[in-house]
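J.: Pasting in a structure now, in structure tokens, and then I'll have a few things to ask.
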Amino acid sequence: MHCTRNITNDIVYLGGSDRRLALFENVFPIPNGVSYNAYLIKDEKTALLDTVDKSVSELFFENLEFALDGKALDYVVVNHMEPDHCATLGEVILRYPQVKIVCNAKTLTMIKQFFTFDADERCQIVKEGESLTLGKHTLQFYMAPMVHWPEVMVTYDTADKVLFSADAFGTFGALGGAIFADECGYPQKGFDEARRYYSNIVGKYGMQTLSLLKKASGLDIAYVCPLHGPIWRKDIGAFVEKYQLWGAYEPEEKGVLIAYASVYGGTQNAAEILASKLADAGVTNLAMYDVSVTDPSYIVSEAFRFSHIVFASTTYNNGIFCNMETLLHDLAAHALKNRTVGIIQNGSWAPQSGKLMREIIGSMQNMQILDACVNLRSTVKPENLTEIDALCEAIAADF
Ligand code: FEO
């Protein structure tokens, strides 16, 4: 049976949530599930804004049929061609054979890659700033390349002042009944799952995200309808402020993230001692993670949040401990920059991790690596306490 909600008189939410999927994009844990959002505008002409992932297709088609209420489906706008939003595009065409696909030229190429139907005769190509009138509602199209794929565009409805923002402003987590951010406890509950979504999915493309924000700043927006997570109709500015920081790779908070890789506890001990000394020095905005326990996506998100990061790793196979190496490559791949970094290395016979971590971090832009570093030989010794004090002092000097 259908399960829809109205966003405005003419705009209906048709999406669904997957609470069974373990890994989004087969890599990111989603313990609270994920929603795949799609929207229908009902006017003289009807327009579907994106489709959904296969996992929620049954509910989506019931919702679509119910929301159309016997009307024809005239258009399907494809803002993003990634299969979590387009897997059901082929079936939309089978069920509604008269429907026109509204997309840009890059999307058309991708439709041909993913599907075998005759896309050329089916697609109506739109360019930057062009519009499509449905009756009372006029849709304007703005390109948003690399937020998160090259073909991405966003659609603005001038009648109800709705921005259909594609992956931008998305959030991990299933929706259940409450689909508006203000019904789900935002912004009071914080932006952790929005940041984890942004930093891991779109994080590499900060410049492109800022370009989109600039375009959007010229629009009068009452609703932001992303492809994942809740719809924003209140406190939109609070979310935009976060996006400005994330897109510019500016930390949200002055604080210290400590990520450690420890096999027999010596490196962890040093990390714990450093954290205690920092707290004693008044630096209490701290978060500590064992890279073997916490999935990198959470630590990447925390790295986007904090101003200072300490990486502590044992040497392993004459290199960086594997999980720490993965984390560092992940951070470099997501183009993190503008952070102050401290290093703790351990090595029982041939310490290498400090030098190698420094090389990876040094390849990232505007990362200030502190001179004070800690060099452990298996366990923390008195001389290491002096080094930890120096590292603590160097960090605390910034607070
Ligand atoms: Fe939710 Fe880039 O797809």
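The values are calculated or read from the model by the stated rules, or taken from the named source; none is laboratory data. The structure presented is a predicted model; accordingly, all values stated were derived computationally and were not measured. A quick note on method: Cβ atoms are made from the backbone with ideal geometry, for glycine too, and the neighbour counts reach across all protein chains shown.
J.: Among (1) within 16 Å of the ligand (Cβ to nearest atom); (2) free of Cβ contacts under 8 Å to residues at least 60 places away in the same chain; (3) outside any helix (DSSP H, G or I), which single condition is SER35 missing?
T.: Checking SER35 against (1) within 16 Å of the ligand (Cβ to nearest atom); (2) free of Cβ contacts under 8 Å to residues at least 60 places away in the same chain; (3) outside any helix (DSSP H, G or I), the one that fails is (2).
J.: Among the listed residues TYR197, TYR205, which satisfies the condition of being assigned to a helix (DSSP H, G or I), under 25 Å from VAL12 (Cα atoms) and within 14 Å of the ligand (Cβ to nearest atom)?
T.: The unique qualifying residue is TYR197.
J.: Could you pull out every one of the strands (runs of 3 or more DSSP E) wholly within the stretch 93-157 that has 1 or more residues that are crowded, with 19+ Cβ neighbours inside 10 Å and in contact with an Asp or Glu (Cβ under 6 Å, 6 or more places away or on another chain)?
T.: Those strands (runs of 3 or more DSSP E) span 138-143.
J.: Inside the stretch 93-137, can you point out the residues that are within 16 Å of the ligand (Cβ to nearest atom) and either closer than 24 Å to ILE11 by Cβ or not polar (S, T, N, Q) (or both)?
T.: Once the filter is applied, which keeps residues that are within 16 Å of the ligand (Cβ to nearest atom) and either closer than 24 Å to ILE11 by Cβ or not polar (S, T, N, Q) (or both), the stretch 93-137 yields CYS103, ASN104, LYS106, THR107, MET110, ILE111, PHE114.
J.: Among the residues of the stretch 70-92, write down those that are out of contact with any strand residue (DSSP E or B) (no Cβ under 8 Å at 6 or more places or on another chain) and more than 16 Å from the ligand (Cβ to nearest atom).
T.: Matches in the stretch 70-92: GLY70, GLY90, GLU91.
J.: Would you tally the residues in the stretch 296-342 being under 18 Å from the mean Cα position of the chain (by Cα) and touching a residue at least 60 places away in the same chain (Cβ under 8 Å)?
T.: Result for the stretch 296-342: 13.
J.: Also: Considering each of ALA248, ALA271, ALA238 in turn, give the residue that is hydrophobic (A, V, I, L, M, F, W, C) and buried (at least 21 other Cβ atoms within 10 Å of the Cβ).
T.: Only one candidate qualifies: ALA271.
J.: Also: Does any residue in the stretch 80-93 that is farther than 18 Å from VAL126 by Cβ come within less than 6 Å, Cβ to Cβ, of a residue that is more than 9 Å from the ligand (Cβ to nearest atom) and assigned to a helix (DSSP H, G or I) six or more places away or on a different chain, and which pairs are these?
T.: Note: pairs meeting the criteria are ALA87/LYS54; THR88/SER57.
J.: When the stretch 144-160 is examined, which residues are found to be in contact with a Leu (Cβ under 9 Å, 6 or more places away or on another chain) and without any contact (Cβ under 8 Å) to a residue 60 or more places away in the chain?
T.: Answer for the stretch 144-160, where residues must be in contact with a Leu (Cβ under 9 Å, 6 or more places away or on another chain) and without any contact (Cβ under 8 Å) to a residue 60 or more places away in the chain: just THR158.
J.: Quick one: would you say VAL154 is more than 17 Å from ASP43 (Cα to Cα) and out of contact with any helix residue (DSSP H, G or I) (no Cβ under 6 Å at 6 or more places or on another chain)?
T.: Spelling it out, VAL154 is indeed more than 17 Å from ASP43 (Cα to Cα) and out of contact with any helix residue (DSSP H, G or I) (no Cβ under 6 Å at 6 or more places or on another chain).
J.: List the residue pairs whose Cβ atoms are under 6 Å apart, where the first residue sits in the stretch 125-141 and is more than 13 Å from TYR75 (Cβ to Cβ), the second is of a type in the set (S, T, N, Q) and loosely packed, with under 14 Cβ neighbours inside 10 Å, and the two are 6 or more positions apart or on different chains.
T.: GLN140/SER131
J.: I'm trying to understand the selection: among the residues of the stretch 274-294, which are surrounded by 14 or more Cβ atoms within 10 Å (Cβ to Cβ) and either among the charged types (D, E, K, R) or modelled with pLDDT under 95 (or both)?
T.: LYS277, ASP290
J.: Continuing with this model, one more query. When the stretch 232-275 is examined, which residues are found to be assigned to a helix (DSSP H, G or I), in contact (Cβ under 8 Å) with a residue 24 or more places away in the chain and under 21 Å from TYR197 (Cα atoms)?
T.: ALA238, PHE239, VAL240, LYS242, TYR243, GLN244, TRP246, GLY247, listed by residue number.
J.: Now for a different question. Quick check on my filter: what residues within the stretch 329-349 are closer than 27 Å to THR379 by Cβ and either exposed (fewer than 15 other Cβ atoms within 10 Å of the Cβ) or modelled with pLDDT under 95 (or both)?
T.: SER348, TRP349, listed by residue number.
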